[in-house]
Amino acid sequence: MEHHVTLTEKELLEDGFGDTPFYHCIIAEIQGEGSGDGPKVVGFAMYYFTYDPWVGKQLYLEEFYVMDEYRGLGIGSEILRQLSDLAMKTRCTGMMFVVAENNEPSVQFYKRRGAEDLSQEEGWRLYRFDKSSLIKMATPGEE
């Protein structure tokens, strides 16, 4: 997947920590193994807020990851708890996210916590306009 990354570190920092952040993060850390070692990042969640004109504010979970060797220790559950608490404090009506169909462990992780599969329940399909499509649509007279 790394070969698909086109975003630079500079862009990532500007977009998340600039004057108008486009995303926010929760970082999961553990204390380093040695007495002089600092904390070690073992997981994270990247999220932002969206708005649905039918139901209002939504928290959108864009990325969620816990390192393999730290899974099953409650770290992911704690991150989701913090996200859920934040969503409630900011009056969100729900949390939205996408999971790859072949990622069955994640699907089960979310379902155990009450997530609904909207692709089955409501028949939603995920679409995307890539950059070249955006350029074409933004050009007057193009269609």
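The values are calculated or read from the model by the stated rules, or taken from the named source; none is laboratory data. Just so it is clear, the model here is predicted, and its values are computed rather than measured. Every residue, glycine as well, gets a Cβ built from its backbone with ideal geometry; the counts of neighbours run over all protein chains shown. Heavy atoms of the whole protein, side chains included, go into the accessibility calculation; ligands, DNA and RNA do not. Shrake-Rupley method; radii C 1.70, N 1.55, O 1.52, S 1.80 Å.
Observations, loosely collected:
- Single residue of the range 22-39 satisfying the filter (out of contact with any strand residue (DSSP E or B) (no Cβ under 7 Å at 6 or more places or on another chain) and open to solvent by less than 60 Å² (accessible area, probe 1.4 Å)) that is nearest to Tyr60 (Cα to Cα): Gly38
- Condition check for Val107: under 29 Å from Leu13 (Cβ atoms), β-branched (Val, Ile, Thr) and outside any loop (DSSP other than H, G, I, E, B): no
- Residue within the range 107-117 that is among the polar types (S, T, N, Q) and either closer than 25 Å to His4 by Cα or touching a residue at least 24 places away in the same chain (Cβ under 8 Å) (or both) present: no
- Which listed residue, of Tyr60, Tyr48, Tyr70, Tyr23, is closer than 26 Å to Asn103 by Cβ, in contact with a Pro (Cβ under 9 Å, 6 or more places away or on another chain), modelled with pLDDT of 95 or more and among the aromatic types (Phe, Trp, Tyr): Tyr48
- Neighbours by Cβ (under 8 Å, 6+ apart or cross-chain): first from the range 120-143, closer than 21 Å to Val99 by Cβ; second in a loop (DSSP other than H, G, I, E, B): Leu126/Val98
- Sole residue being farther than 23 Å from Thr93 by Cα, hydrophobic (A, V, I, L, M, F, W, C), surrounded by fewer than 10 Cβ atoms within 10 Å (Cβ to Cβ) and at pLDDT 90 or above, chosen from Leu13, Leu7: Leu7
- Among residues of the range 40-92, those that are loosely packed, with under 15 Cβ neighbours inside 10 Å and touching a residue at least 40 places away in the same chain (Cβ under 8 Å), counted: 6
- In the range 33-54, the residues that are polar (S, T, N, Q) and within 23 Å of Ile75 (Cβ to Cβ): Ser35
- In the range 112-132, of all residues being in contact with a Leu (Cβ under 9 Å, 6 or more places away or on another chain) and part of a loop (DSSP other than H, G, I, E, B), the one that is most open to solvent (accessible area, probe 1.4 Å) corresponds to Trp124.
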